[in-house]
Structure formats: structure tokens, C-alpha cells
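Right, one structure below, let's go through it.
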Amino acid sequence: STLNSTGQPANFLHAVDAFHGDLGNIQKGDIVICISKSGNTEEIRRLIMFVRNLGNKIISICGNSSSFLAKESDYFLDSSVKKEACPNNLAPTSSTTAQLVLGDALAVCLLKSKQFSDKDFARFHPGGILGKQLSMRVSDIMCPISRPIVNVKDQLDKVILEISNKRLGSTAVIKDDKLTGIITDGDLRRMLEKKKEISKLVAADIMSINPKQIQIDSLANDALNLMKEN
């Protein structure tokens, strides 16, 4: 599953099921990763012979360096442990954890060698919170129709009407068709607390200059972080 989720197609093949038709899952050029503790079971011995006949490369993750599997593999990864977590030292517990770690290490090596980016990761994880963080753009959640805009010289009544009509709680302030400031509901409240004479005020008098900006194709998660930071 880890390999699939990081862009490397992979299938699970049980050694016993392989002899009853599932061997067809192995295609020319595939690499077969064999996972075993002893490396000497009968089904592993038989499977290795068939894979060899198919001409596929074999990587073994095994806890026995002198086993049949280790010796017949093109690459051997040692997953041996001194003792199992099982109180009887019988059930594969610590050894299976070691095998999982080696599998993750292989997956990470593939990520680095293929220069797998967060954008690639997003393509394979479109669902849930993770998918939204990596794929949802600012353009997906912004309001394309409601675009509150006033000019730096516009009177206060026009500013209030623009914020009220567009219902976004703020308005952009432009000068010569360029963004120069922003006025929010909070700016209006603070202005009313500080100034007694407001009839002659214009947008430039109460706006916050150089507002934080983000591009339309940026990740929505980046926009959220920008808002939290400021």
C-alpha cells in the first residue's frame, strides 16, 4: 500500500496462492520482494524457482542470511532480530516490525530517486483532509463573483456600501488598477472609535496598506497558514 500510494504500482502475492493462478500477477520486468523469517519454507523454495524461470529480479527481506531465499536472491536485506517480542520467542513480532521498517526504507529511497513531490503525492490522495491540504486551491473556495473593490479616493459611504453589498467583510482598495490596501469590518469599527468627524474621510484614510496576498493557484492550505501567521 505504501508503494502504491507513492506512485510505484505494487501487488501482494501470497506464496501458496501463486501456484494456483496468481503467478500471473508477475509481469516481465517486475521486481519481486520476498518477505520471510526463515527463508526456508517449502512454498518459498518453490516460488523462487518459478520466479527465476520468469527472469525477474528478486529482493529478499529475510531474518536468515544463510537461508535458501537469501542465497537465491539478487539482493538480500537482513531483517534478523535477537529475540521476538512474543514471550515464547516464537510468534513473528519483532521480526515483522523490522521487515516493515525495511519496506518503508525502500519506499523512501524510491521517493527520493524519482524526485516524488508533494504535488505528486496529492494526485494519489484526493480524499480526506490530506487530499484537501495537498490539492485544494485558492480558486476552489474563493468567491469569483463577489469582488469588493473601491478606489483610494472613494468616500466612506461608498466603502461601507461595497463591504455590505458584497458580504465578504472587507474590500480591496486600488489605485491606478493596482492593489494598494484593504479595509475590513474591523477597520471601520476602529475608525468610528477614534474619529469624531467622518464625513470627509476617504478609503485611503482608513485602509491597511500593503495587505497580505496570495495567488489564485496557490494551495488553500497555504492561504490558511498565511492568515494564521498574520
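The values are calculated or read from the model by the stated rules, or taken from the named source; none is laboratory data. Here the structure is a predicted model, which means the values were calculated and not measured. Glycine also receives a Cβ, built like all others from the backbone with ideal geometry; neighbour counts cover every protein chain displayed. Please note that ligands, DNA and RNA were not included when accessible areas were found on the heavy atoms of the full protein model with its side chains. Shrake-Rupley method; radii C 1.70, N 1.55, O 1.52, S 1.80 Å.
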Give me the accessible area per residue for the chain, probe 1.4 Å, as a whole number in Å².
-> 68 Å²
Given the rule -39500 (n - 2.57) for each run of at least 4 DSSP H residues, summed and divided by the residues of the chain, what is its mean residue ellipticity at 222 nm, to the nearest 500 deg cm²/dmol?
-> -11500 deg cm²/dmol
Cβ crowding within 10 Å averaged over residues, with 114-127, 189-202 ranked highest first | 114-127, 189-202
Which value, in debye to the nearest 20, describes the size of the charge dipole of the range 130-230 about its Cα centre when Lys and Arg Cβ atoms bear +1, Asp and Glu Cβ atoms bear -1, and nothing else is charged?
-> 200 debye
Helix 185-194 versus the longest principal axis of the chain: what is the Cα-based angle in degrees, 0 to 90, to the nearest 10?
-> 40 degrees
Nearest 5 is fine: what % of DSSP beta bridges in the range 110-230 come out antiparallel, could you say?
-> 75 percent
Could you state the number of Å between the C-alpha centres of the range 32-72 and the range 168-211?
-> 72 Å
Once label points are set 7 Å from the Cα along Cα→Cβ at both residue 54 and residue 196, what is their separation, rounded to one decimal in nm?
-> 8.9 nm
By what distance, in whole Å, do the Cα atoms of the chain stretch along each of the three principal axes, largest value first?
-> 92, 42, 27
With +1 on the Cβ of every Lys and Arg and -1 on the Cβ of every Asp and Glu, the dipole magnitude of the chain about its Cα centre, in debye rounded to the nearest 20, is 520 debye
Leading residue at positive end of dipole, the chain (Cβ point charges), from 106, 12, 51 = 106
Carbon-plus-sulfur fraction of the accessible area of the range 37-168, 1.4 Å probe, in percent?
-> 57 percent
Of all accessible heavy-atom area on the range 177-230, the percent that carbon and sulfur account for (1.4 Å) | 49 percent
